[in-house]
Amino acid sequence: MPQYLSPGVYVEEVEAGSRPIEGVGTAVAAFVGLAQRGPANAPTLVTNWTQFTSTFGDFMEGSYLAHAVYGYFLNGGGTAYVVRIGADGAAPAARLELPSSTDKAVPAFRVVALEPGVSGDQISVEVAEPSEPGEGVFKLIVSVGGKEDEVYDNVTLKKGRQNVFTQTRTSHRIRLEEVTKSELAPAVGKTALSGGSTKGAIRVTPDEYAGNPAQRTGFGGLEAVDEVTMVAAPDLMALYQKGALDMEGVKAVQLAMIAHCELMGDRVAILDAPPDFGAQQVNEWRTDSAGYDSKYAALYWPWIKVFDPLAGRAVFVPPSGHMAGIWARSDEQRGVHKAPANEVVRGAIALEVQLTKGEHDLLNPIGINCIRAFPGRGIRVWGARTLSSDPAWRYLNVRRLFNYVEESIFEGTQWVVFEPNDMALWERAKRTINSFLVRVWRDGALFGATPGEAFFVKCDGENNTAETIDAGQLIIDIGIAPVKPAEFVIFRIAQFSGGASLTE
């Protein structure tokens, strides 16, 4: 408390009422898979397709990660984290020996790609004339995919500040290795690195997908990223198609993904069904083989056909990346309380299987969210269920709404910790939460004609007894009534045989 010891006017800043709770983000995806290059086992933020290609490369044979990220941004996604796996250094690094200018048989030095694997084959090195000509001076240009990426001008093999080995220590693409003690400049010309091809050599185990939170690898590395709200692993099916994982391995990875989401409690796993499955096969796989039961996971089927620039033709890809984009688009346009269904799948040319209503009647009750093609209405998502057997958590939008409310209240009430646990604090905390839930109700996320019908917040002496206060606990009971999607729209139509009268 301030002390007033002499006459005068004093100005104090005091808190006015409750503190507002800001709603957290609901549309941040995380993708775990294979890429041409980029940081390995490090969640990396990308906000558009150009950022992804500059960091992780373009479309790659035997990988669906690039297709998933492209579909995510195409369908309305805005922010994503990418975790690259399958790059543990076991693959060879592309390399090149540059010949000296006087004797082509004698190498000047060796150029080695920093990133092992096929990405190094896209690097080329050019030796050109320097801007300041001199004895033994040259310009070294490093290009990736035909585009200049790094330029080292006026460098030499002689000792000093302009030594090419010293200048390239900061390179993000290459490192130089000494072959001979020659100080002669390399021969002018442009040559590509080679030897980094790893077709068929990538081996990824379920443990690498699951990762380790302490080492920030795999799904474990995403535990440090609080913003993530949905997780997808599209390359899981690519590894299954190549024979790198069997069906048990696929199930192990998907169980690890579900476990990660349940452990974090603020994100949902988007699962893909195996390829080349018909309606009966995916039904048997879901019920007999997979058997998942989680309110933190959603399954989509069938696969969608998209154009592949690498192959020059349309190919089938797992739908998880496109579905994540639709979740983000629905959240932005309507809100997290709106079920992300009855939405057009942008970029989808066709479906792997054309569903009938009878087949859909078989799959929808067991939690398989089907993608269907309707004449004149395009290809649309036609399901919004989780994989939970609990009817209270049947709908995906209910689970995601609770994630939003819980995380927002958690973040917005941190100021309560270590405050005096008295009735004044109870009222302030209750007002803070009430104000937030009123906004949620006004947005249409809660069911009820009045706030009192939509939610309640209880924080008084009944749930905060002397024993809980002595234990240092503040207990606040909150109940909300989420809106449920109109999944079955029923029109009851009957003949009306009422009489008619004629008047003049």
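Things to note:
- Taken over region 320-363, the criterion of being under 30 Å from Trp441 (Cβ atoms) and assigned to a loop (DSSP other than H, G, I, E, B) is satisfied by Arg334, Gly335, Val336, His337, Lys338, Ala339, Pro340, Ala341, Asn342, Glu343.
- For first residues located in region 230-251 and in the same structural domain as Asp272 (by TED's automatic domain parsing), partners that are among the basic types (Lys, Arg) and lie 6+ apart or on another chain with Cβ distances below 7 Å form the pairs Met230/Arg267; Val231/Arg267; Ala244/Arg203.
- Single condition Arg431 does not satisfy, out of (1) assigned to a helix (DSSP H, G or I); (2) touching a Gly at 6+ places or on another chain (Cβ under 7 Å); (3) more than 29 Å from Val24 (Cβ to Cβ): (3)
- Looking only at region 258-289, residues that are of a type in the set (Lys, Arg) and more than 15 Å from Ser320 (Cβ to Cβ) come to 1 in all.
- For Glu115: the one exception among (1) surrounded by 14 or more Cβ atoms within 10 Å (Cβ to Cβ); (2) among the acidic types (Asp, Glu); (3) more than 31 Å from the chain's Cα centre (by Cα); (4) not in a strand (DSSP E or B): (3)
- Among residues of region 409-421 that are over 13 Å from Ile476 (Cβ atoms), those with a beta-carbon under 7 Å from a residue that is assigned to a loop (DSSP other than H, G, I, E, B) and among the charged types (D, E, K, R) at least six positions away or on a different chain give the pairs Trp415/Arg19.
- Filtered residues of region 42-60 (kept if surrounded by 15 or more Cβ atoms within 10 Å (Cβ to Cβ), outside any helix (DSSP H, G or I) and under 14 Å from the mean Cα position of the chain (by Cα)): Pro43, Thr44, Val46
- Scope region 134-182; condition charged (D, E, K, R) and either part of a loop (DSSP other than H, G, I, E, B) or touching a residue at least 60 places away in the same chain (Cβ under 8 Å) (or both); matching residues: Glu135, Lys158, Lys159, Arg161, Arg173, Arg175, Glu177, Glu178, Lys181
- Residue in region 73-86 that is crowded, with 21+ Cβ neighbours inside 10 Å, part of a strand (DSSP E or B) and touching a Pro at 6+ places or on another chain (Cβ under 6 Å) present: yes
- Subset of region 381-415 [among the charged types (D, E, K, R) and either assigned to a helix (DSSP H, G or I) or under 21 Å from the mean Cα position of the chain (by Cα) (or both)]: Arg385, Arg399, Arg400, Glu406, Glu407, Glu411
- Which numbered condition Glu262 fails, given (1) free of Cβ contacts under 8 Å to residues at least 40 places away in the same chain; (2) touching a Gly at 6+ places or on another chain (Cβ under 7 Å): (2)
- In region 287-300, the residue that is surrounded by the most Cβ atoms within 10 Å (Cβ to Cβ) out of those that are touching a residue at least 24 places away in the same chain (Cβ under 8 Å) and more than 13 Å from Thr386 (Cα to Cα) is Ala290.
- Any hit, region 321-333, residues being under 22 Å from the mean Cα position of the chain (by Cα), of a type outside the set (A, V, I, L, M), farther than 21 Å from Ala30 by Cβ and surrounded by fewer than 18 Cβ atoms within 10 Å (Cβ to Cβ): yes
Residues are listed down the side, and each one gets a yes or a no for (1) in a helix (DSSP H, G or I); (2) modelled with pLDDT of 95 or more:
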{"site": "Asn212", "(1), (2)": "no, no"}
{"site": "Arg216", "(1), (2)": "no, no"}
{"site": "Glu227", "(1), (2)": "no, no"}
{"site": "Gln241", "(1), (2)": "yes, no"}
{"site": "Leu245", "(1), (2)": "no, no"}
{"site": "Gln254", "(1), (2)": "yes, yes"}
{"site": "Cys261", "(1), (2)": "yes, yes"}
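The values are calculated or read from the model by the stated rules, or taken from the named source; none is laboratory data. Model, not experiment: these values are computed from the prediction. We place every Cβ from the backbone using ideal geometry, glycine too, and count neighbours over all the protein chains shown.
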